[in-house]
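Remarks on the structure that follows.
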Amino acid sequence: MESSGTFIHLEPPDEALCARVAERDVGAFEVLYDRYRGRVYAWAAHVLGPRQAEDTTQEVFALLWRRAGQFNPSRGQFTQWFWALTRNHILRELRGISRQRRTQIADQIAALIATAIAEGVDVEEAAFARVDTQRALDTLGRLPPDQRRVLVMSYFVGLSHSAIAEELSLPLGTVKKRARLGMQKLRQALIADETSGEPIQHKEVRPDERR
């Protein structure tokens, strides 16, 4: 595209690049690698440690190369599919880590989110990988701490609700309620992001919603 005698370079969207990767386009793969390598490494380093993060990052992109043909743009954005791929691989790497260590990691991530949101810092810049949208992460950062902790323990480090209940010395029903309330708020954030583009109005949380 030409404007006022200059050329405007438009970056190809992720979805188009992924389609080219499925056809074994190395150049398209390198573009996606450059776009997302830092985020994948940040997530892996925070969860698995820097020693293992580099290998894990390379393994994630090897999966992208092999599975790009499985991405279906009619079912969602590339970022949603790719972060699900990344998350599942990191959770497999976490299987050999003790539950106590997973709980510590979850607490660190939850604190990182809360601090980044409170200080107005971009969550990605705080070494936390973007999973769906910044709006969803903003909502996660503003959840009551008990709900945020349960969601992080469940989603990001792969603990079951029963394991979370045992680790936190809580009734299983309480853990499930916190997870349900937290997921409702995250789902509302994603729906609002996709349909209106308007900022989410965060209502005051009632005491009974904190349990």
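The values are calculated or read from the model by the stated rules, or taken from the named source; none is laboratory data. Bear in mind the structure is a predicted one, so any value in this text is a computation, not a measurement. All Cβ positions, glycine included, derive from the backbone under ideal geometry; neighbour counts span all protein chains shown.
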>> Restricting to segment 158-182, name every residue that is polar (S, T, N, Q) and either within 19 Å of the chain's Cα centre (by Cα) or loosely packed, with under 14 Cβ neighbours inside 10 Å (or both).
In response: SER160, SER162, SER169
>> Out of the residues in segment 48-86 meeting the condition of being farther than 16 Å from GLY38 by Cα, in contact with an Asp or Glu (Cβ under 8 Å, 6 or more places away or on another chain) and part of a helix (DSSP H, G or I), tell me which one is modelled with the lowest pLDDT.
In response: GLN80
> Is it true that VAL26 is surrounded by fewer than 16 Cβ atoms within 10 Å (Cβ to Cβ), assigned by TED's automatic domain parsing to the domain that holds PHE82 and either under 18 Å from PHE156 (Cα atoms) or at pLDDT 95 or above (or both)?
Replying inline: yes
>> Scan segment 119-130 and tell me whether some residue there is at pLDDT below 75, of a type outside the set (Asp, Glu), touching a Leu at 6+ places or on another chain (Cβ under 6 Å) and part of a loop (DSSP other than H, G, I, E, B).
In response: yes
